[in-house]
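Reading through the structure tokens given below for one structure.
The values are calculated or read from the model by the stated rules, or taken from the named source; none is laboratory data. Worth saying up front: this structure is predicted, and the values here are computed from it rather than measured. Cβ sites come from the backbone with ideal geometry, for glycine too, and all protein chains shown count toward neighbours. All accessible areas refer to the heavy atoms of the entire protein, side chains included, with ligands and DNA or RNA removed. Shrake-Rupley method; radii C 1.70, N 1.55, O 1.52, S 1.80 Å.
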Amino acid sequence: MTSVDRLALEVARLRREVAEMRKGQRVAHGATVEDAAIEVRDDAGSLRAIVGQQGDGTTGIQVVNGPPPPEPTPPILTSVLGGVAASWDGLFAGGAVIPLDWARIEVHAAADDAFEPGPATLVTTIETAQGATVIVPTETPVYVRLLARSTSGTPSIPSMASGPEGPAPVVSTELLDGIVTETKLAAEAVTAAKIKLGAVGADQLALGIGNLAPDPSFEGPRTEALIDGLPDWTLVTPGSDSPTALHVDCTATATAWKNVELARLPVLPGERHYLALDYRVSADFDGTGAKVFFRYEDEVGVVTGWGVADEPPVLGGPWARVTAQVMAPPETVVAVLVVEASEVTAGEAWFDNVEVRTLVAGGMVAAGTITAAEIAALSVETGHLVAAAVSAEKIAAEAVTAEKIAALAVTTDKLDANAITAGKIAAGSVDATALAADAITGKTITGGEVNGAVVTGGQLRTAASGQRITLNEGNQNKFILYNAAGVAIGEISYRGLGLQGTSGAQIWLNPEATYPYLRFTNAALTNGAVINVVENTPGSANLGMNSGTFTGSGYTNMKWRTFMGEDFWAAERIRDNQQAILVGGRIFMDATSATFGYVDATTSTGTDATIRCSPGVITHRARLSVQPASGSAESSLYVQSGPGQTGNLLSLYNTTAAAYRMQVDLAGNTSIAGTLSTGNIATGTVTITPSAAHTPTSASVNFNITGSNIRAFATAQTTVPGVRSPVGASGVTGVGVSAITNTSMLVWLNRENTTSTVIHWMVIGS
């Protein structure tokens, strides 16, 4: 075999190996997956996930064969009406940490304490890792066990059984407040014969006791239904010492009265009620007030009058409370309860903690309702009083003056402790020696200094208005700081420390949690950032930093979050109320690895691109694009062996075929398992039929190769090459090429007969 023949065979072999190598290119370097799937396996070779085409024809990411979650702690059982309340504390046996692929807790119940959890014993599930309480309906005592499952469906070891526990008996001491309502009583079930004489009085009636406002803190579905269809009204968080508040956007092109009807209550003429409301308004609020009121109506809906609780609003101030006592006019049959931002064109208003209590109804007076302010002057005479009916505690302060007392009628034994106040003592008549320790108690001390003493009082303040500091204002046990405009800009209370700047922006340090948290809010209270500490497991302190929300990736409430957890750290871009929505750059580090890249949890189309560093290994997931600087003289991709290295410089491995497709060793020796294709080599075959014996005949072949020096080779596929005698022989006497270019050439054949002959050719450019 000639050297040309050997070269042709070697080139053909290389072409086959390169073709196989191209078929097996790794997906991580830019290939596509067509009607197939990628299998993810751990170090032991066990299948962990399938990415791509699934067995049922769907496409996605399926987690399989995950390790079992740890055993959950046993549930805590409590008897309730109609069943058993089962509580999980969010922990796992032996203090195990919750795994990242945890999915849910299954709650199983059965009458036997040794039962094995299965489909027949499954009652419900707990979907939050913080723990929860669920109800197990049952009429007989049961045992309850918990079972954890991972996202791949792998179950944990069941928890220890708790129980037996049965439903609570329905007796008067077990009934929850409000569980027996008017609709639960049969008609005429309560008659006069069932009520003890004298048992029902003002103190026993619902007068002045229950709050008649439905959903007073705006936390239930009733309020959501009321504002459905009212675009200006929304529910926001937080409220005034409650989770939720009712908010109204007061923007209007003309003066408007923006209100919501909360309830319609039946009332009688002369019936009196106590109304109260927490409110606050923005700094640009231009209305006359934020209020709660009754609109009184007669039986056909005609307005008979109004009962209003309001006050001039403090613009941009903290939560404030308005109160009032109102009375139904004649002809009234209905009182419509309304909250309203009145006469507005701009700004915002917030409402919370509505209170409506009956004071006087149907001739009955709620206990404690009538005070001195409700009695007209001189309306009670001596003849109306029973003997000994008026005792010292029934007489208001300063109600008895000197002219009402006969000379020498008041002696020492007639005076109660603390009966003589400072206003009744002549100047200078009482000196320090006459005062006992703890003798001074009062609401206000004016002027001077109090040294070494304890002052007990209702309220302390540095001024009546304007710039001032108040302590226990409104009996709220708060320290409040006001600026010169009378706007509250600082607070120290059980809720924490709050500060407001001249722009209206706020800082709030709240200790009312397992760990305190710090919130930064803008002047409009529409956005803010938070620094908080989270206790995922008992005693842990995980630090989080959350930006304010913004619009991005198709959502209006995206945010950036940095979280330092229990031996890990992450920086990521997530959705505020749906943290599984993760789109954008992400950094994650723990004790064994560091990952940097781009993640999009909303799609499975292979957009993720990450670099993961673990001990001695860097793993790259995505197509690698190397783009050197413009005009660079350096190699686009450079690999250098390390000192003492014995392994290959380059290895390309096909996981599916479990075989190497290309290897380059330290000496540059290259092994390719497929077919090698290059742009400067072209090969092919052509069949030539001679026009006559001993007559050279040509055929043109086309190709496209690179290079400026073109060399061509051709050989006949025959068993009788070069035969020229005896006369009449049929051998091939010669094969040649001519007119060689980068795109074509002529191939010549001469033989002793006209038999069609296959000619193999190759062209090489350099």
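Based on this model, can you work out whether Ile740 counts as in a loop (DSSP other than H, G, I, E, B) and without any contact (Cβ under 8 Å) to a residue 40 or more places away in the chain?
Here the answer is yes, as Ile740 does meet what is asked.
Would you check if there is a residue in region 267-282 being in contact with a Ser or Thr (Cβ under 8 Å, 6 or more places away or on another chain), part of a loop (DSSP other than H, G, I, E, B), closer than 28 Å to Asp241 by Cα and open to solvent by 10 Å² or more (accessible area, probe 1.4 Å)?
no
Yes or no: Thr133 modelled with pLDDT of 90 or more and open to solvent by less than 60 Å² (accessible area, probe 1.4 Å)?
no
Does region 550-601 hold any residues that are part of a strand (DSSP E or B) and among the β-branched types (Val, Ile, Thr), and which are they?
Of everything in region 550-601, those that are part of a strand (DSSP E or B) and among the β-branched types (Val, Ile, Thr) turn out to be Thr551, Thr556, Thr562, Ile574, Ile581, Val583, Ile587, Thr595, Val599.
Take the residues in region 98-127 that are in contact (Cβ under 8 Å) with a residue 12 or more places away in the chain, open to solvent by 50 Å² or more (accessible area, probe 1.4 Å) and of a type outside the set (Asp, Glu), then tell me which one is nearest to Ser540 (Cα to Cα). Even if it seems obvious, please write down each step before you answer.
So the first thing to find is which residues in region 98-127 are in contact (Cβ under 8 Å) with a residue 12 or more places away in the chain, and the list is 98-99, 101-117, 121-127.
Restricting the remaining residues to those that are open to solvent by 50 Å² or more (accessible area, probe 1.4 Å) gives 98, 104, 111-114, 116, 122-123, 127.
Among the residues that remain, those that are also of a type outside the set (Asp, Glu) are: 98, 104, 111, 114, 122-123.
Details: Ile98: 13, Arg104: 22, Ala111: 38, Ala114: 35, Leu122: 32, Val123: 32 Å.
Per the stated criteria, the residue is Ile98.
Do we have any residue at all in region 706-723 that's touching a residue at least 24 places away in the same chain (Cβ under 8 Å) and under 60 Å from the mean Cα position of the chain (by Cα)?
So far as region 706-723 goes, yes, one or more of its residues are touching a residue at least 24 places away in the same chain (Cβ under 8 Å) and under 60 Å from the mean Cα position of the chain (by Cα).
Every residue in region 139-169 that is of a type outside the set (D, E, K, R) and assigned to a strand (DSSP E or B), please.
Val142, Tyr143, Val144, Leu146, Leu147, Ala148, Ser150, Pro155, Ser162, Gly163, Pro164
When you look at Thr138, is it open to solvent by 50 Å² or more (accessible area, probe 1.4 Å) and among the hydroxyl-bearing types (Ser, Thr, Tyr), yes or no?
It is false that Thr138 is open to solvent by 50 Å² or more (accessible area, probe 1.4 Å) and among the hydroxyl-bearing types (Ser, Thr, Tyr).
Per-residue answers, yes or no, for (1) open to solvent by 60 Å² or more (accessible area, probe 1.4 Å); (2) assigned to a loop (DSSP other than H, G, I, E, B); (3) within 19 Å of Glu348 (Cβ to Cβ):
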| position | (1), (2), (3) |
| --- | --- |
| Ile489 | no, no, yes |
| Leu497 | yes, no, no |
| Ser503 | yes, yes, yes |
| Ile507 | yes, no, no |
| Ala513 | no, yes, no |
| Ala529 | no, no, no |
| Val533 | no, no, no |
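Can you spot a residue in region 555-562 that is touching a strand residue (DSSP E or B) at 6+ places or on another chain (Cβ under 9 Å), free of Cβ contacts under 8 Å to residues at least 12 places away in the same chain and open to solvent by 60 Å² or more (accessible area, probe 1.4 Å)?
Yes - at least one qualifying residue is present in region 555-562.
Go through region 82-97 residue by residue and tally those that are open to solvent by less than 20 Å² (accessible area, probe 1.4 Å) and aliphatic (A, V, I, L, M).
Initial filter on region 82-97 (open to solvent by less than 20 Å² (accessible area, probe 1.4 Å)): 83-86, 88, 90, 92.
Retained after the next criterion (residues that are aliphatic (A, V, I, L, M)): 84-86.
The number of residues fulfilling the criteria is 3.
Residues of region 622-642 being open to solvent by 100 Å² or more (accessible area, probe 1.4 Å), more than 42 Å from the chain's Cα centre (by Cα) and more than 23 Å from Gly668 (Cβ to Cβ), which ones?
Once the filter is applied, which keeps residues that are open to solvent by 100 Å² or more (accessible area, probe 1.4 Å), more than 42 Å from the chain's Cα centre (by Cα) and more than 23 Å from Gly668 (Cβ to Cβ), region 622-642 yields only Ser630.
Under the condition of being part of a loop (DSSP other than H, G, I, E, B) and over 14 Å from Leu14 (Cβ atoms), which residue from region 670-694 is nearest to the chain's Cα centre (by Cα)?
Per the stated criteria, the residue is Thr689.
Scan region 238-246 and tell me whether some residue there is open to solvent by less than 20 Å² (accessible area, probe 1.4 Å), in contact with an Asp or Glu (Cβ under 8 Å, 6 or more places away or on another chain) and of a type in the set (A, V, I, L, M, F, W, C).
Among the residues of region 238-246, at least one is open to solvent by less than 20 Å² (accessible area, probe 1.4 Å), in contact with an Asp or Glu (Cβ under 8 Å, 6 or more places away or on another chain) and of a type in the set (A, V, I, L, M, F, W, C), which makes the answer yes.
Got at least one residue in region 64-72 being among the polar types (S, T, N, Q) and in contact with a Gly (Cβ under 7 Å, 6 or more places away or on another chain)?
The answer is no; no qualifying residue exists.
Could you list all residues from region 67-102 that are assigned to a loop (DSSP other than H, G, I, E, B) and either within 14 Å of Gly166 (Cα to Cα) or hydroxyl-bearing (Ser, Thr, Tyr) (or both)?
Taking region 67-102 first, the residues assigned to a loop (DSSP other than H, G, I, E, B) are 67-71, 73-75, 81-82, 89-91, 96-101.
If the condition is that a residue be assigned to a loop (DSSP other than H, G, I, E, B) and either within 14 Å of Gly166 (Cα to Cα) or hydroxyl-bearing (Ser, Thr, Tyr) (or both), then Thr73, Leu81, Gly82 are the ones that fit.
I need the full set of residues from region 283-295 which are over 30 Å from the mean Cα position of the chain (by Cα) and part of a loop (DSSP other than H, G, I, E, B), in order please.
If the condition is that a residue be over 30 Å from the mean Cα position of the chain (by Cα) and part of a loop (DSSP other than H, G, I, E, B), then Asp284, Phe285, Asp286, Gly287, Thr288 are the ones that fit.
Within region 616-667, can you find the residues that are free of Cβ contacts under 8 Å to residues at least 60 places away in the same chain, assigned to a loop (DSSP other than H, G, I, E, B), hydrophobic (A, V, I, L, M, F, W, C) and in contact with a strand residue (DSSP E or B) (Cβ under 9 Å, 6 or more places away or on another chain)?
Listed by number, the residues that qualify are Val639, Leu649.
Please tell me if Ser698 is polar (S, T, N, Q) and surrounded by 11 or more Cβ atoms within 10 Å (Cβ to Cβ).
For Ser698, the condition - polar (S, T, N, Q) and surrounded by 11 or more Cβ atoms within 10 Å (Cβ to Cβ) - is met.
Residue by residue through region 48-64, note down the ones that are over 27 Å from the mean Cα position of the chain (by Cα), surrounded by 15 or more Cβ atoms within 10 Å (Cβ to Cβ) and of a type outside the set (A, V, I, L, M).
The answer is Arg48, Gly52, Gln53.
Look through Thr656, Thr602, Thr619 and report the one residue that is surrounded by 10 or more Cβ atoms within 10 Å (Cβ to Cβ) and under 24 Å from Ile574 (Cα atoms).
Matching residue, one of Thr656, Thr602, Thr619: Thr602.
Of all residues being open to solvent by 20 Å² or more (accessible area, probe 1.4 Å) and either free of Cβ contacts under 8 Å to residues at least 60 places away in the same chain or on the phi > 0 side of the Ramachandran plot (or both) in region 325-362, which is nearest to the chain's Cα centre (by Cα)? Just the residue, please.
Asn353
How many of the residues making up region 535-549 are open to solvent by 60 Å² or more (accessible area, probe 1.4 Å) and in a strand (DSSP E or B)?
Here is the first cut: in region 535-549, the residues open to solvent by 60 Å² or more (accessible area, probe 1.4 Å) are 535-536, 538-539, 541, 543, 545.
Then drop every residue that is not in a strand (DSSP E or B), which leaves 543, 545.
Total meeting the criteria: 2.
Looking only at region 325-351, how many residues end up being closer than 30 Å to Gly504 by Cα and in contact with a strand residue (DSSP E or B) (Cβ under 8 Å, 6 or more places away or on another chain)?
Matching residues across region 325-351 total 13.
Consider Thr741 against the criteria (1) of a type in the set (Val, Ile, Thr); (2) more than 13 Å from Thr689 (Cα to Cα); (3) surrounded by 18 or more Cβ atoms within 10 Å (Cβ to Cβ): it satisfies all of them except one. Which criterion is unmet?
Checking Thr741 against (1) of a type in the set (Val, Ile, Thr); (2) more than 13 Å from Thr689 (Cα to Cα); (3) surrounded by 18 or more Cβ atoms within 10 Å (Cβ to Cβ), the one that fails is (3).
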